[in-house]
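The values are calculated or read from the model by the stated rules, or taken from the named source; none is laboratory data. Remember, predicted model here, so these are calculated numbers, not experimental data. A quick note on method: Cβ atoms are made from the backbone with ideal geometry, for glycine too, and the neighbour counts reach across all protein chains shown. Note: areas computed on protein heavy atoms with side chains; ligands, DNA, RNA excluded. Shrake-Rupley method; radii C 1.70, N 1.55, O 1.52, S 1.80 Å.
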Amino acid sequence: MTYEFLKTEKQEKTLIVTISRPSALNALNLALIKELDALIDHIKEDDSIYSVIFTGEGKSFVAGADIGEMSVLNGMEGKAWGEFGLKVFRKLETLPQPTIAAVNGFALGGGCELAMACDIRIASDKAKFGQPEVGLGITPGFGGTQRLAKLVGVAKAKEIIFTATMITAAEAVSIGLVNKVTTPEILLEEALTMAAQINRNGQIAVRLSKRAIDAGLETDIETGGAIEAAMFGLCFSTEDQKEAMRAFLNKEAPTFKNK
Ligand code: CAA
């Protein structure tokens, strides 16, 4: 598949997706979001992809939704735009494969929201995060009012959204918005190292763990526990569980078949 605004590169079992619209700091226009939508559908069906890294070309990760395109929308069009972005980011969030945002620069508005729809965020020390929408007279529209509060707590999310100010990568890690900060030079390498650590494990178990964590966050502890028990039990019907436990007991490395 060829894209105008996305570059893809497979390294071993990891797909690296680079958002590439550098003339607008990788701002998300409709064409770019449509490409993301199609790519996510493709990733979901490709079992040779164990993990996905999203990053941005140039000095920005993604500087938000495209302000020029949004400037002329009416109410109904604005709602439809938000719904489309929300749908695509939810599809990203619910991909079976683990996803890592390697945040190389500005992650603002829709860019911060894209990073938050990923499972893990690693940031360059040059990265800046923020939800500047209220400064443009709009609310965050691609999940920012929902995912930010879950990640950093209600008060901090309200501070970030109400003030529309940017925060540094150091502050982002201190509030739990990003997992770790690194230098720009080794950002992709760090993300690939983490992806490789994920890829070497049993992928059925990785994917079921993701489902249990995400489903559990939406429910109470009893239901969450029931979901975990179901996923845990399911693992015992796999060849991977038999092989990995046999290998451990024989002091060998397991060979996973994802079966
Ligand atoms: N939409 C459209 N174009 C954008 C853009 C955006 N979100 N962000 C940057 N650009 C464009 C600029 O217009 C500029 O284009 P020209 O060269 O044609 O003038 C180019 O990218 C470079 O930008 P700057 O000259 O502004 O670069 P800078 O280094 O001086 O500033 C910045 C960088 C602080 C990120 C600044 O560009 C900026 O504030 N951008 C807007 C950030 C923003 O408000 N994002 C939220 C959008 S709303 C949203 O995302 C809603 C939602 O929840 C879905």
### Summary
The simple spin-label model distance between Phe162 and Gln146, using points 7 Å out along Cα→Cβ, in nm, is 2.3 nm
### Message
Could you sort Leu86, Leu39 by their accessible area in this structure, using a 1.4 Å probe and putting the largest first?
### Response
Leu86, Leu39
### Task
Set the Förster radius R0 to 30 Å, insert the Cβ-Cβ distance between Glu218 and Thr183 as r into 1/(1 + (r/R0)^6), and round the FRET efficiency to 0.05.
0.25
### Query
Non-local amide H neighbours of Leu6 (under 5 Å, H modeled in plane, Pro and chain starts lacking H): which ones?
Ser20
### Message
Given a Förster distance of 30 Å, report the FRET efficiency between Ala230 and Phe84 from their Cβ-Cβ distance, rounded to the nearest 0.05.
### Response
0.40
### Query
Between Phe248 and Gln197, what is the spin-label point distance in nm, taking each point 7 Å from the Cα along the Cα→C-beta axis?
1.9 nm
### Message
Probe radius 1.4 Å, ligands and nucleic acids ignored: give me the carbon and sulfur share of the accessible area of the chain as a rounded percent.
### Response
59 percent
### Message
For a 26 Å ceiling on Cα separation, which of these pairs sit above it: Lys7/Lys34; Lys79/Lys150; Lys7/Lys156; Lys13/Lys126?
### Response
Lys7/Lys156; Lys13/Lys126
## Note on the structure
Residues whose built amide H sits under 5 Å from the amide H of Asn29, excluding neighbours closer than 5 in sequence, are Asp66
### Message
Taking θ = phi - 60°, what integer Hz values does the Karplus form 6.51 cos²θ - 1.76 cosθ + 1.60 yield along the range 156-171, in sequence order, with x for Gly and Pro?
### Response
5, 4, 5, 4, 5, 6, 5, 8, 6, 9, 8, 10, 7, 4, 4, 5
### Query
To the nearest 0.05, what FRET efficiency results for Lys259 and Leu30 with a Förster distance of 45 Å applied to their C-beta separation?
0.65
### Query
Say the dipole of the chain comes from +1 at the beta carbon of Lys and Arg and -1 at that of Asp and Glu; which of Leu148, Ala127, Thr183 then lies farthest toward its positive end?
Thr183
### Query
Counting only the backbone N, which residues of the range 191-214 are under 19 Å from the spot 7 Å out from the Cα of Asp47 toward its beta-carbon?
199-211
## Note on the structure
the chain accessible area per residue, 1.4 Å probe, protein heavy atoms, integer Å², reads 50 Å²
